[in-house]
Amino acid sequence: MKHGADDAPLVSPDEPAPVEVIAARADPFVFVCEHASNRVPRALGDLGLPPEAFERHIAWDPGAALLTRALARRFGGAAVLQAYSRLVIDCNRAPELPDAITPISEDTAIPGNGDLTSADRARRIDAVWTPFHAAIDAMMAGRRMAGRPTVFVTLHSFTPVYRGVARPWHVGLIEADDRRLAEPMLAALAADPARVVGDNQPYSAKDNVDYTIRRHGRDRDLPHVMIEVRNDLLRTPSDIEAWTRRLGDALAAGTRGLGIDFSEAAADG
């Protein structure tokens, strides 16, 4: 549980790199998953938590990584996934925010995140947060220089109950002051009357959950959306397949509405 503020690297050379990058085979989609993994670097031990805590939403977004990879396959799009738990550092937060390395998640204390020194925080930022966003920055800069169209999409999942309050939504879309993509996607997803679709629900920009879409989407004037699927709907391979189809169809409808060309056939190559 020690914080390990020393000269040793937080992520050892024999551990996974902090970011996984899947190269694009087609344009325009770039898919990002900030909470893809529940892994913790060995140097941080278990953060003072029992093993079962890492299966919970406090440690990652269950199902989100599988959904990200499946959508990237469908469209031949690029993907960037975080390889370490949000409890190490949340890559969908500005690093200076207190909850970027949260000492309490929902109602659970995170002992290994308490009383961190500035050096402890800097070590996590340098090892995990910075490489993740640098990889996205490099990808986006390369696409811009090559004149490639980009639609920026982040994938998340959320709990069906939060602090005792049930959440009715099956899926929610969040945007950062740009509804070009969200509006047609909301319409496409809501075409099924049995589906409860959230517009800036269960989260919105006011909850400080829009860092990635704001930095890499809005600030580059790119169409963007943050997708949240309730995690009890992402438990099986058939669940992932069904949501890949639903979300993929909505993304296709929204992208066509923007006049951006794409081909799903490339995903079969």
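The values are calculated or read from the model by the stated rules, or taken from the named source; none is laboratory data. Keep in mind that what you see is a predicted model, and the values were worked out from it rather than measured. Glycine also receives a Cβ, built like all others from the backbone with ideal geometry; neighbour counts cover every protein chain displayed.
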Being touching a residue at least 24 places away in the same chain (Cβ under 8 Å) and on the phi < 0 side of the Ramachandran plot is the filter here; which residues of region 200-215 pass it? Q201, P202, Y203, S204, A205, V209, D210, Y211, T212, I213, R214, R215
Tell me which residues, restricted to region 75-97, are within 20 Å of I213 (Cα to Cα) and over 16 Å from the mean Cα position of the chain (by Cα). F75, E96, L97
Scan region 179-199 residue by residue and report those that are in contact (Cβ under 8 Å) with a residue 12 or more places away in the chain, farther than 17 Å from A252 by Cα and either out of contact with any strand residue (DSSP E or B) (no Cβ under 9 Å at 6 or more places or on another chain) or buried (at least 18 other Cβ atoms within 10 Å of the Cβ) (or both). V197, G198
It is to be established whether one or more residues within region 13-35 are closer than 24 Å to L233 by Cβ and in a loop (DSSP other than H, G, I, E, B). yes
Kindly indicate whether any position in region 111-125 is of a type in the set (A, V, I, L, M, F, W, C), out of contact with any Lys or Arg (no Cβ under 8 Å at 6 or more places or on another chain), under 23 Å from S204 (Cβ atoms) and modelled with pLDDT of 95 or more. no
Tell me, yes or no, whether region 247-256 has at least one residue that is modelled with pLDDT of 95 or more, within 20 Å of A72 (Cα to Cα), outside any loop (DSSP other than H, G, I, E, B) and within 16 Å of the chain's Cα centre (by Cα). yes
Could you tell me whether region 93-102 includes any residue that is closer than 22 Å to R230 by Cβ, assigned to a loop (DSSP other than H, G, I, E, B) and either touching a residue at least 40 places away in the same chain (Cβ under 8 Å) or of a type outside the set (V, I, T) (or both)? yes
All conditions in (1) of a type in the set (K, R); (2) within 18 Å of Y211 (Cα to Cα); (3) buried (at least 22 other Cβ atoms within 10 Å of the Cβ) are true of R123 except (2)
Would you check if I101 is more than 30 Å from R180 (Cβ to Cβ) and either of a type in the set (V, I, T) or touching a Phe, Trp or Tyr at 6+ places or on another chain (Cβ under 7 Å) (or both)? yes
Identify all residues within region 148-177 that are over 26 Å from A59 (Cβ atoms) and surrounded by fewer than 17 Cβ atoms within 10 Å (Cβ to Cβ); write none if there are none. R148, P149, D177
Matching residues in region 147-162 - criterion: being in contact (Cβ under 8 Å) with a residue 24 or more places away in the chain and part of a loop (DSSP other than H, G, I, E, B): R148, P149, T150, T159, P160
Given the structure, is S12 over 21 Å from the mean Cα position of the chain (by Cα) and within 26 Å of D120 (Cα to Cα)? yes
Out of everything in region 47-74 that is in a loop (DSSP other than H, G, I, E, B) and either over 14 Å from the mean Cα position of the chain (by Cα) or of a type in the set (G, A, S) (or both), what residue ends up being surrounded by the fewest Cβ atoms within 10 Å (Cβ to Cβ)? P50
Subset of region 209-237 (residues that are over 20 Å from F158 (Cβ atoms) and surrounded by fewer than 21 Cβ atoms within 10 Å (Cβ to Cβ)): R215, R218, D219, R220, D221, P237
